[in-house]
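The values are calculated or read from the model by the stated rules, or taken from the named source; none is laboratory data. Given the structure is predicted, the values throughout are model-derived calculations rather than measurements. Positions of Cβ are generated from backbone atoms using ideal geometry, with glycine treated the same way; all protein chains shown enter the neighbour counts.
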Amino acid sequence: MKFICYTLAVVVSFLSACKKDSAPSLPGLVPVTISTPGGEAGYLYIDGKYTGILVPGTVSFSVGHHTIGVALKNTEIYLRKTITAAASTPVAFTTADKPAPKTWKALWIGLYETRGNTETGDCSTHFSTADLDAGYNFFTWSLKEHFEKYAYGTMKWEVERRDITVPVTLTKGSIGYTVEPAAIAALMPQIQPGVYDCVFVFWREKEGACSFPGNYFGLAWTNPMAEALKTGYVTVKFDPGADIAATINQYKINDPGVWVHEWLHTVGENFYQAKGLNLPEKAGGFSVHAAEVYHYSFPWMDWYRDFISGRVSNTGGSPAYLGIGPEALLGCTVREMALGNCR
Ligand SMILES: [Zn+2]
């Protein structure tokens, strides 16, 4: 039903590289020459699936209709065309082939006061408006630098921010203190199915003698369609240390993935699998935690990029590449699925 944590870990590394392909003349296949704007290198997708091929170049297609896409490596945009494959008809991508990005809607909530019952009695932690601004900026920075880039511009996040001034009461369970969706929903009646793709809550773990430990940094609820509110739900439990700006800066430099990691749990454990996509297999119960299985290393940013762009090499298995991919990201989002208007 729920959760998972974001943790540090050490690991082995190595990275998948892209193969360049030649165009053999095989029965039923036609060679198609593909060019890109300015000759920029890009990852080729055919009918939503990454091919392992870099273009520009000549590629063999089965005769018929295809949606072809190129995720440009440096400019980080996705271009797409629908074609009818025929020999000697070149396909020239231009920047006009960039599809309109899909809008994803976030509700970001900073908690001014978080209250709980500890061994020494009830206490609260607090964030100031400046602290919450710093947390919010960390989040929107990640949307731009991670979510949208790893989607090659196929998603565009619109964020509504509504901080909560009244105390929010924590729940204590086996993993420590948590801000449960029901505690937030009770204060935010606008959270309804179909309104948001994901709700992100930012709250303070420690202040002076008041401490709400938990065996996690971020948490995500991994099956939005099974929740009453049918939305993704993420919390980040933040210890600002002596200087929140300095602490956030350290995360940005050394371990910047908390927001994208938790959001990926909301769509990468059940949501896209239910649409029939091939995502990485689960490790310890979670696809997002399978980075090491596929030979990625801390701080996992390449993993998140390949997971989102559908380019995780399946270590010789079939299909050859796993993950979400630009075509799926252009399809229905969580809030659209929640209304049952699409498949
Ligand atoms: Zn996790």
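Looking only at the stretch 223-235, how many residues end up being surrounded by 21 or more Cβ atoms within 10 Å (Cβ to Cβ) and either under 15 Å from the mean Cα position of the chain (by Cα) or assigned to a helix (DSSP H, G or I) (or both)?
6
Take the residues in the stretch 185-222 that are among the β-branched types (Val, Ile, Thr) and closer than 17 Å to Val159 by Cα; name whichever of them is nearest to the chain's Cα centre (by Cα).
The selected residue is Val199.
Would the stretch 137-149 turn up any residue that is more than 30 Å from Ala96 (Cβ to Cβ) and surrounded by 15 or more Cβ atoms within 10 Å (Cβ to Cβ)?
Scanning the stretch 137-149, I find at least one residue that is more than 30 Å from Ala96 (Cβ to Cβ) and surrounded by 15 or more Cβ atoms within 10 Å (Cβ to Cβ), so the answer is yes.
Tell me whether the stretch 240-249 contains one or more residues that are at pLDDT 95 or above, surrounded by 18 or more Cβ atoms within 10 Å (Cβ to Cβ) and of a type outside the set (Val, Ile, Thr).
For the stretch 240-249, residues at pLDDT 95 or above, surrounded by 18 or more Cβ atoms within 10 Å (Cβ to Cβ) and of a type outside the set (Val, Ile, Thr): present.
If you scan the stretch 248-295, which residues turn out to be under 15 Å from Gly218 (Cβ atoms) and among the hydroxyl-bearing types (Ser, Thr, Tyr)?
Tyr251, Thr266
For the structure I just gave you, tell me whether Tyr294 is more than 14 Å from the ligand (Cβ to nearest atom), within 30 Å of Cys332 (Cα to Cα), over 14 Å from the mean Cα position of the chain (by Cα) and not in a strand (DSSP E or B).
Against the criterion (more than 14 Å from the ligand (Cβ to nearest atom), within 30 Å of Cys332 (Cα to Cα), over 14 Å from the mean Cα position of the chain (by Cα) and not in a strand (DSSP E or B)), Tyr294 qualifies.
Taking the stretch 239-271 on its own, how many of its residues are in contact with a helix residue (DSSP H, G or I) (Cβ under 8 Å, 6 or more places away or on another chain) and either outside the structural domain of Ser142 (by TED's automatic domain parsing) or more than 16 Å from the ligand (Cβ to nearest atom) (or both)?
7
What are the pairs with Cβ atoms under 6 angstrom where one residue, in the stretch 253-266, is closer than 17 Å to Ala134 by Cβ and at pLDDT 95 or above and the other, located anywhere, is within 10 Å of the ligand (Cβ to nearest atom) and not in a loop (DSSP other than H, G, I, E, B)? Sequence gap at least six, or different chains.
From residues that are closer than 17 Å to Ala134 by Cβ and at pLDDT 95 or above, the pairs are Val258/Gly218.
Which residues, taken from the stretch 62-119, are part of a loop (DSSP other than H, G, I, E, B) and either under 30 Å from Phe138 (Cβ atoms) or in contact with a Lys or Arg (Cβ under 8 Å, 6 or more places away or on another chain) (or both)?
Lys73, Asn74, Thr75, Glu76, Ile77, Phe93, Lys98, Pro99, Ala100, Pro101, Tyr112 - these are the residues of the stretch 62-119 that are part of a loop (DSSP other than H, G, I, E, B) and either under 30 Å from Phe138 (Cβ atoms) or in contact with a Lys or Arg (Cβ under 8 Å, 6 or more places away or on another chain) (or both).
Looking only at the stretch 191-210, decide whether some residue is within 14 Å of the ligand (Cβ to nearest atom) and assigned by TED's automatic domain parsing to the domain that holds Ser309.
no
Residues are listed down the side, and each one gets a yes or a no for (1) assigned to a strand (DSSP E or B); (2) under 30 Å from Val258 (Cα atoms); (3) at pLDDT below 90:
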site: Ile4; (1), (2), (3): no, yes, yes
site: Leu8; (1), (2), (3): no, yes, yes
site: Ser13; (1), (2), (3): no, yes, yes
site: Ser22; (1), (2), (3): no, no, yes
site: Tyr43; (1), (2), (3): yes, yes, no
site: Ile53; (1), (2), (3): yes, no, no
site: Thr58; (1), (2), (3): yes, no, no
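Residues to consider are Pro213, Pro189; find the one that is touching an Asp or Glu at 6+ places or on another chain (Cβ under 8 Å) and without any contact (Cβ under 8 Å) to a residue 40 or more places away in the chain.
Result: Pro213 is the single residue among Pro213, Pro189 that is touching an Asp or Glu at 6+ places or on another chain (Cβ under 8 Å) and without any contact (Cβ under 8 Å) to a residue 40 or more places away in the chain.
Go through the stretch 297-319 and give me each residue that's within 14 Å of the ligand (Cβ to nearest atom) and touching a residue at least 24 places away in the same chain (Cβ under 8 Å).
Matches in the stretch 297-319: Phe298, Pro299, Trp300, Tyr304, Phe307.
Just one of the numbered conditions (1) at pLDDT 85 or above; (2) within 18 Å of Tyr321 (Cβ to Cβ); (3) surrounded by fewer than 18 Cβ atoms within 10 Å (Cβ to Cβ) is not true of Ala92; which one?
Checking Ala92 against (1) at pLDDT 85 or above; (2) within 18 Å of Tyr321 (Cβ to Cβ); (3) surrounded by fewer than 18 Cβ atoms within 10 Å (Cβ to Cβ), the one that fails is (2).
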